[in-house]
């Protein structure tokens with residue numbers, strides 16, 4: 001058998017082990033949730049949250065979509081900027097584009113996008129009655 005066959009078999013075994021562990025973890029989590037619901041020492045909100053978890057209803061994160069998207073775009077932009085800077089350093093052919101400059105501009109813009117949700121949240125926290133424009 002060639003090495004590609006071993007890779008496929010190893011991948012299949014790895015997937016089976018991963019699915020088995022995931023099933024065991026899910027069963028353990030459900031058992032703990034059921035015990036917590038039966039205990040009766042929970043508030044009404046906690047009971048609703050646990051019931052939603054048992055039913056498999058997705059929880060909404062408290063982070064708005066705009067903030068999550070800005071975070072992802074900012075980090076991706078920082079990695080792209082690093083790529084531009086490294087490309088310049090790897091003896092790239094000298095053409096009309098200065099990749100170092102492009103990389104630093106992309107990095108600055110990405111940092112601004114990455115920090116924008118934090119700045120908006122701080123602005124709303126410090127000035128609760130003001131509108132953003």
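The angle separating the long axis of helix 65-89 from the principal Cα axis of greatest extent in the chain is about 40 degrees. The slack in the chain from residue 22 to residue 66, taken as 0.36 nm per residue of separation less the alpha-carbon distance, amounts to 12.7 nm. For the chain, adding -39500 (n - 2.57) for each run of n ≥ 4 DSSP H residues and dividing by the number of residues yields -27000 deg cm²/dmol at 222 nm.
Pairwise over distinct Cα atoms, reciprocal of the mean inverse distance: report the Kirkwood radius of the chain in Å, one decimal place. List each step's numbers first, then the result.
Details: mean 1/r = 0.0484 Å⁻¹.
Kirkwood hydrodynamic radius for the chain: 20.7 Å.
Please compute the modelled spin-label separation between residue 43 and residue 87, points set 7 Å along Cα→Cβ, answer in nm with one decimal. Each label point lies 7 Å from its Cα, and together they span 5.3 nm. What nm distance separates the two modelled labels at residue 101 and residue 35, each placed 7 Å from Cα along Cα→Cβ? Those two pseudo-labels are separated by 6.5 nm. The modelled label-to-label distance for the pair residue 108/residue 120, using points 7 Å beyond Cα in the direction of Cβ, is 2.3 nm.
Take every Cα pair under 8 Å whose residues are at least 6 apart in sequence, average their separation, divide by the length of the chain, and the relative contact order is 20 percent.
Every read-out reported here was derived from the displayed coordinates using simple, explicitly stated rules and does not represent laboratory data. What you see is a predicted model; the values in this text were computed from it and never measured. Reconstructed Cβ throughout: ideal geometry from the backbone, glycine too, with neighbour counts over all protein chains shown.
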